[in-house]
Each structure stands twice: as structure tokens, then as C-alpha cells.
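The structure appears right after this line, and notes come after that.
None of the figures in this text is laboratory data; all of them are computed from the coordinates on show. Here the structure is a predicted model, which means the values were calculated and not measured. Please note: Cβ atoms are built from the backbone with ideal geometry, for glycine as well, and neighbour counts cover all protein chains shown.
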Amino acid sequence: MAFFLKSALTLSLPPFAATLLILLLALTASKRGLLTLSRFLTALAIVSGYSVGHRIATGSLELFPKSVEGWLPLLAFLVSLLSLFENLPKVSALLRLLPRLILGLIAIAVLLIPLAALSVAAKIVWAVVLGLGFAVVWTGLDELSERQTDALLPLLLSLIAATNSAALFISHSAQLSQLSGVLASAVGAIFVFCLWQRHWSMAKGASGVFVLLLFGINTCCMFYADLPLLSLVFFLLAPLSGWVRILLLTSKLPRWSQLTLQVAVSLLLAFVGVGIAIYKNGLPMGGYY
């Protein structure tokens, strides 16, 4: 027990601390009126925290990765750079969606290129389908982040990533499970930060980094391990659960009822994802990498 606790702290505390450090820089930029820089640094905070944990979990952090999951920090950094464009004034929703879609196609293609079991045509189809899904989820979470600038959203995102870690472990990838745990730790730092700095937004940057990492980790596990497609779908829908508070049918409910409903829907979707992984793979017995 002590060994597992020590391992968990070793894997989670450095990403947590690295994320908080960059968030303090984002706060400084915000106080000086540099909103674009502040949002970029908020996105970079997740990238930095995840990258630190990625290095601990995999033992490498390379500019030219030799493994598929090694591309995730670089792809996340590209998403954070896109925030500089998204925060430009008068950028329409369509103009934001297009580069998200292009980046999604590129990200999925990069992750699938080494997969010998798929033909080139199949890789193209999967890249288009998952790239479109990536852009849609990113857009949905980004709009949600603009509307819900409280600590609940990053808390739920952290819990989703932690639950996702369990599903990946069940799907025979201990390393990807650890990476999802690292993501949970990094976003957990944003939750703690939001308890201090109320109304801190994850929009126009940080939301995209989270979706990229969650999407990328799960895509790797689906194609290179045994994560079921339905599990991936439920875990990608879970971050969008906050939209239940915006629907006309729930907008007139008391605030506590709306919050409870959002938490319930989010966790339900995540637990269904775990349940599907258990149904398809059984409980963990071995066969991990």
C-alpha cells in the first residue's frame, strides 16, 4: 500500500506543482490586462504539467518521439499555440472551427501512422471521423468554459480523467492509464487555482489542450490496446455534461439542482465508459505494457 501511495504521489505532485507555477504567471498577465497572454499561459500550464508527468511516467520527453504516445506533449503544445489565434478579436465561430478540425485530423493521423493493422484508406477514414469528433467536443467544451467560469468544471474534468485512467488500466495499458492520471493531476491544479481565483476561464486555449490529451490518450488505447470505441465515446461526452444546465428544461431549476444534475450526468457518463471496458475486457488480470 505504501508503495502504491508513493508511486501515485510521485506521478501526481510534480505535474500539479508545474501547472500551478504557470498559472501564477497567467494570473500576473491577467492583472496587467494581457488577456490573450493569460489564456495562452493557462493552456500552457496544462501542457507543462502534463509534460512533466509524461516524462516521469514514460521516462522520455523527446522532440522527435519514438513512441506513439510520445507525440501527445507536442500536439498539446500546438493546441496551446492556437489559443493566440482564437483570442484575436472578431474571430467568427466558423474560423475557430476550421483550424480545430485541421489540427484534429493531423493529430489523429500522427497517432495512427505507425499502426500496421490498418490500411491507409482505413487510417484516413478514422482520421476524418475522430478529427471531426475532436473538433466538435473541443468547440462544445470551449463554449461551456465561457459560460461556466467556476471551479466545478475543472473539478469534473479532473474526475473524468481520473475515471478514464481506470478504464485504460482495465483495457490493458498501465502506461496510458498513468498518463490519464497525470492529466487529472494537471487539471486538478486548475480546480484548486479556481477556488482561489473565482471566475477563471479555461476557454480559448486550456479547454482545447484538455480535449487533445483526453482524445489522444484514449485513441492510443483504442488502437494499440483494448479500449472499446463506446468507452471512448462516453468519456468524450462526459466533459460536455455542463450543457444540461443550459438546456431550457433545466434553466429554471434551483442552482443546487443544476449543479447536482451536472455532476450526476458527468460521473454517470464516465462510469458507463468504465463499465463498458469491464464488460469487454473483464477485470484486470495481466497483459499490460
(message) Placing +1 on the Cβ of each Lys and Arg and -1 on the Cβ of each Asp and Glu in the chain, which of S12, V79, I22 has its Cα farthest towards the positive end of the resulting dipole?
(response) I22
(message) Of the candidates L20, L34, L11, which one comes out as most mobile in a Gaussian network treatment of the chain with C-alpha springs shorter than 10 Å?
(response) L34
(message) Could you tell me which residue out of S60, L95, G188 lies farthest along the dipole of the chain toward its positive end? Charges go on the beta carbon: Lys and Arg +1, Asp and Glu -1, centred on the Cα centre.
(response) L95
(message) If the only charges are +1 at each Lys and Arg Cβ and -1 at each Asp and Glu Cβ, what is the size of the charge dipole of the stretch 112-228 around the Cα centre, to the nearest 20 debye?
(response) 100
(message) If I model the stretch 80-133 as equal point scatterers sitting on the Cα atoms and use the Debye formula, what is log10 I(q)/I(0) at q = 0.13, 0.30 Å⁻¹?
(response) -0.39, -1.11
(request) Pick out which of N87, N218, N164 has the largest mean-square fluctuation in a Gaussian network model of the chain, springs linking Cα atoms closer than 10 Å. (result) N87
(message) Explain nothing, just the number: dipole magnitude of the chain about its Cα centre with +1 on each Lys and Arg Cβ and -1 on each Asp and Glu Cβ, in debye rounded to the nearest 20.
(response) 540
(message) Computed from the coordinates I sent, Cα Rg over 2.2 N^0.38 Å equals one of (1) 0.95; (2) 1.33; (3) 1.48. Tell me the label.
(response) (1)
(request) Select from L34, A127, A238 the residue farthest towards the positive end of the dipole of the chain; place +1 on Cβ of Lys and Arg, -1 on Cβ of Asp and Glu, and compute about the Cα centre. (result) L34
(request) Return the single residue from F210, F16, F85 with maximal mean-square fluctuation; model: Gaussian network over the chain, springs between Cα atoms under 10 Å. (result) F85
(message) I need the calculated FRET efficiency for the pair L97 and L229, taking r as the beta carbon distance and R₀ as 22 Å, to the nearest 0.05.
(response) 0.40
(request) Name the helices (complete DSSP H segments) of the chain with a Cα length along the long axis of 30 Å or more and a Kyte-Doolittle mean of at least -1.0, or state none. (result) 2-31, 35-58, 120-147, 174-196, 255-281
(request) Show that you can apply the helix-only estimate: for the chain, add -39,500 (n - 2.57) for every DSSP H stretch of four or more residues, divide by all residues, and state [θ] at 222 nm to the nearest 500. (result) -25500 deg cm²/dmol
(message) With viscosity set to 0.692 mPa s at 37 °C, what whole-number translational diffusion coefficient in µm²/s follows for the stretch 99-215 from Stokes-Einstein and a Kirkwood radius over Cα pairs?
(response) 216
